[in-house]
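**Q** Below is the structure I would like to discuss, written out as structure tokens.
The values are calculated or read from the model by the stated rules, or taken from the named source; none is laboratory data. Note that the structure is a prediction, hence the values are computed from the model and not measured. Ideal geometry is used to build each Cβ from the backbone, glycine not excepted, and the neighbour counts take in all protein chains shown.
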Amino acid sequence: MKDARDFLKMEGALVLYFMLACFLAVETYAQEWAPSWQLPKRDRPANLIEAPITGRGEMSESRFFVPMICGACHTDIFAQWKGSTHAYAWYDPLFQALYQKGRQEAQGEQEEEVMDSCVRCHSPVSFTTGDWKTTTAAMPSEASKENIFCDFCHSIKATTGIGNAPFIVDPGDAAKMDFGTKRGPFKDCPETQHKTEFSELHTRSEFCGSCHDVSHAGSRLAVEQTYTEWRLGPYNTGNPDTTVHCQDCHMRQRPGVPSTGSTERPDNPGFAAPERVGGIERPHIWTHYYVGGTSLILGPPAQEPERQKMAEDRLKNAAELEILGPSSITPGELLRLRVIVTNVGAGHYIPTGLTEVRQVWLETVVTDANGKKVYRSGYLDEKGNLEEDAVIYHTVFGNKEGQPTYKVWEADYVISDYRIPPKGQMVEKYAFLVPDDAKLPLQVKTVLRYRSAPQWLAAELLGDKAPVIPVVDMAEATLTVAQTTVTQK
């Protein structure tokens, strides 16, 4: 079993990275390391262009409006954003601890450049205004402290490709109360406090792919590939009428509406701004909760139960399990089981993003009629550590010494990439001898479990301040195996 699983790990990694290489058409500019790669011209939105990106220190911080100003008119959207992962992209305690560790340990120009690249996506204004540098304290200005926010995203007039945040930004000037032009998905927005402009980029996955595809700033190793996974997957049909973009799931979700590939993704009718300030009633307003599958919820405490439920709803509608095995068996015999894991709801791999840290695994337990455990795999010990031989879906990076590492700044190659592709399946095999004294029937239960990071890593990064990383059960399946009936002749 182990050999077959290792083969699948390596095969999956090779296929994905070979396909990614087929798309690579990197056009770099001297001042930066973005984009990671470029789309063929026929596939680009109108405002994905070939031009220099907005570089480090090119923008004055005073040009950006803080989100509260936008919230004066866009009240509902502001409230959604305020508790989102985007609003805490920089201040997420696990990210911060990992980032600070990287700042301390990074050696050489390439590794330091990796740490620079974190900032460009997690706090883009601090990067473009030059507020942040590797050797100095981060984000002294107010706009820079706002992580990923309204005025930045809607001031992006173009990007130059996919990955490592290759944006071209054209904001107004907050110091002069000049709101400038805001870009978005509508062609008929009234111009009130600011000018408006339709942006095809904002309606397509390529906008999300600006940051949700990451390559190592030094080695160009593909580190995060969420957009690439979507682009090479079944949700990208090549037909505008049937393609499901990132926004069609992640910006339709709201409380009680998971909006995944396995559920309905209904419109969200309403106003982006109140009618009294010029808002237009529309059949659909894109939501800005950006919960995703993040099980460790940040943001205002009052919003935590709602956001936790939204994250769980999304995770519980992402995958399905099925157990295949015999209907009966005799104690002392070998019981063989197959567990089929199907990605039914995610437009990318499960898991995606920071896959060297995130964990999805199978917990399989077999109990007899007396409740005695006769087999188990994938369990957590009292400290929250996962047993070594568990079936885990994740990526393992290796450093230059050939050792596994979660430290992205020193990642040099991929040891294994074992994950579940969109609308794809993984089949796991189990086999064990049923004890002679087991009382039948046996009850088999398998649960697909998820957490944003292993507990040991949270403890290593945050010490006594480490939170308990929530575990979410994404899917489960059961099977009953009865006693074999002996027919006497």
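**Q** Condition test on Glu304, is it under 24 Å from Ile469 (Cα atoms), surrounded by fewer than 18 Cβ atoms within 10 Å (Cβ to Cβ), of a type in the set (Asp, Glu) and not assigned by TED's automatic domain parsing to the domain that holds Val374?
**A** Yes; evaluated as a whole, the condition is true for this residue.
**Q** Let me ask something else about it. Looking at the range 272-283, is at least one residue touching a Phe, Trp or Tyr at 6+ places or on another chain (Cβ under 7 Å), under 23 Å from Arg451 (Cβ atoms) and either of a type outside the set (Asp, Glu) or not assigned by TED's automatic domain parsing to the domain that holds Arg419 (or both)?
**A** No, the range 272-283 contains no residue that is touching a Phe, Trp or Tyr at 6+ places or on another chain (Cβ under 7 Å), under 23 Å from Arg451 (Cβ atoms) and either of a type outside the set (Asp, Glu) or not assigned by TED's automatic domain parsing to the domain that holds Arg419 (or both).
**Q** Restricting to the range 248-262, what's the tally of residues that are closer than 25 Å to Asn147 by Cα and not in a loop (DSSP other than H, G, I, E, B)?
**A** Within the range 248-262, residues that are closer than 25 Å to Asn147 by Cα and not in a loop (DSSP other than H, G, I, E, B) number 4.
**Q** Which of the residues belonging to the range 452-474 are buried (at least 22 other Cβ atoms within 10 Å of the Cβ) and either without any contact (Cβ under 8 Å) to a residue 60 or more places away in the chain or more than 19 Å from Tyr91 (Cα to Cα) (or both)?
**A** If the condition is that a residue be buried (at least 22 other Cβ atoms within 10 Å of the Cβ) and either without any contact (Cβ under 8 Å) to a residue 60 or more places away in the chain or more than 19 Å from Tyr91 (Cα to Cα) (or both), then Met474 is the only one that fits.
**Q** Select from the range 396-417 the residues that are buried (at least 16 other Cβ atoms within 10 Å of the Cβ) and either of a type in the set (Gly, Ala, Ser) or at positive phi (or both) and list them in ascending order.
**A** Correct list: Gly398, Ala411, Ser416.
**Q** Condition check: surrounded by 17 or more Cβ atoms within 10 Å (Cβ to Cβ), closer than 22 Å to Pro234 by Cα and not hydroxyl-bearing (Ser, Thr, Tyr). Does Arg314 satisfy that? Steps first, answer last, please.
**A** On the way: surrounded by 17 or more Cβ atoms within 10 Å (Cβ to Cβ): yes; closer than 22 Å to Pro234 by Cα: yes; not hydroxyl-bearing (Ser, Thr, Tyr): yes.
Yes.
**Q** Take residues that are of a type in the set (D, E, K, R) and tell me which of the strands (runs of 3 or more DSSP E) falling wholly in the range 413-489 contain 3 or more.
**A** Once the strands (runs of 3 or more DSSP E) in the range 413-489 are filtered for at least 3 residues that are of a type in the set (D, E, K, R), what remains is 442-451.
**Q** Among the residues of the range 384-395, is there at least one that is among the charged types (D, E, K, R), at pLDDT below 95, assigned by TED's automatic domain parsing to the domain that holds Glu476 and not in a loop (DSSP other than H, G, I, E, B)?
**A** Looking through the range 384-395, none of the residues is among the charged types (D, E, K, R), at pLDDT below 95, assigned by TED's automatic domain parsing to the domain that holds Glu476 and not in a loop (DSSP other than H, G, I, E, B).
**Q** Here's something else I'd like to know. Any residue in the range 129-147 that is crowded, with 17+ Cβ neighbours inside 10 Å and modelled with pLDDT of 90 or more?
**A** Checked the range 129-147: no residue is crowded, with 17+ Cβ neighbours inside 10 Å and modelled with pLDDT of 90 or more.
**Q** Could you check, for the range 229-242, whether at least one of its residues is without any contact (Cβ under 8 Å) to a residue 60 or more places away in the chain, on the phi < 0 side of the Ramachandran plot, surrounded by 20 or more Cβ atoms within 10 Å (Cβ to Cβ) and in the same structural domain as Ile69 (by TED's automatic domain parsing)?
**A** No - not one qualifying residue is present in the range 229-242.
**Q** Going through the range 157-202 one residue at a time, which ones are aliphatic (A, V, I, L, M) and surrounded by fewer than 16 Cβ atoms within 10 Å (Cβ to Cβ)?
**A** Of everything in the range 157-202, those that are aliphatic (A, V, I, L, M) and surrounded by fewer than 16 Cβ atoms within 10 Å (Cβ to Cβ) turn out to be Ala175, Met177.
**Q** Which one is nearest to Pro441 (Cα to Cα), of the residues in the range 324-351 that are of a type in the set (A, V, I, L, M) and touching a Leu at 6+ places or on another chain (Cβ under 8 Å)?
**A** The residue in question is Ile329.
**Q** Somewhere in the range 271-286, is a residue in contact with a Pro (Cβ under 7 Å, 6 or more places away or on another chain) and either closer than 30 Å to Ala477 by Cα or of a type in the set (Gly, Ala, Ser) (or both)?
**A** yes
**Q** For the range 248-262, what are the residues that are surrounded by fewer than 19 Cβ atoms within 10 Å (Cβ to Cβ) and within 20 Å of Val344 (Cβ to Cβ)?
**A** Once the filter is applied, which keeps residues that are surrounded by fewer than 19 Cβ atoms within 10 Å (Cβ to Cβ) and within 20 Å of Val344 (Cβ to Cβ), the range 248-262 yields Asp248, Gly256, Val257, Ser262.
Per-residue answers, yes or no, for (1) at pLDDT below 80; (2) over 25 Å from the mean Cα position of the chain (by Cα); (3) part of a helix (DSSP H, G or I); (4) not polar (S, T, N, Q):
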position: Val15; (1), (2), (3), (4): yes, no, yes, yes
position: Met19; (1), (2), (3), (4): yes, no, yes, yes
position: Ala25; (1), (2), (3), (4): yes, no, no, yes
position: Tyr29; (1), (2), (3), (4): yes, yes, no, yes
position: Ala34; (1), (2), (3), (4): no, no, no, yes
position: Ala46; (1), (2), (3), (4): no, yes, no, yes
position: Ile53; (1), (2), (3), (4): no, no, no, yes
position: Glu58; (1), (2), (3), (4): no, yes, no, yes
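**Q** Show the residue pairs that are 6+ apart or on different chains and have beta-carbon atoms under 8 Å apart, the first residue being within the range 322-335 and within 15 Å of Glu476 (Cα to Cα), the second being in a strand (DSSP E or B) and among the hydroxyl-bearing types (Ser, Thr, Tyr).
**A** Glu322/Thr342; Ile323/Thr446; Ile323/Thr478
**Q** Here's something else I'd like to know. Which of the residues spanning the range 382-395 are buried (at least 21 other Cβ atoms within 10 Å of the Cβ) and more than 20 Å from the chain's Cα centre (by Cα)?
**A** Val391
**Q** I need the full set of residues from the range 203-225 which are within 15 Å of Ile168 (Cβ to Cβ) and either surrounded by fewer than 22 Cβ atoms within 10 Å (Cβ to Cβ) or not assigned by TED's automatic domain parsing to the domain that holds Cys70 (or both), in order please.
**A** Across the range 203-225, there are no qualifying residues.
**Q** Can you work out which of the residues in the range 263-301 that are among the aliphatic types (A, V, I, L, M) and in contact with a Gly (Cβ under 9 Å, 6 or more places away or on another chain) is farthest from Cys150 (Cα to Cα)?
**A** Residue satisfying both the conditions and the ranking: Ile297.
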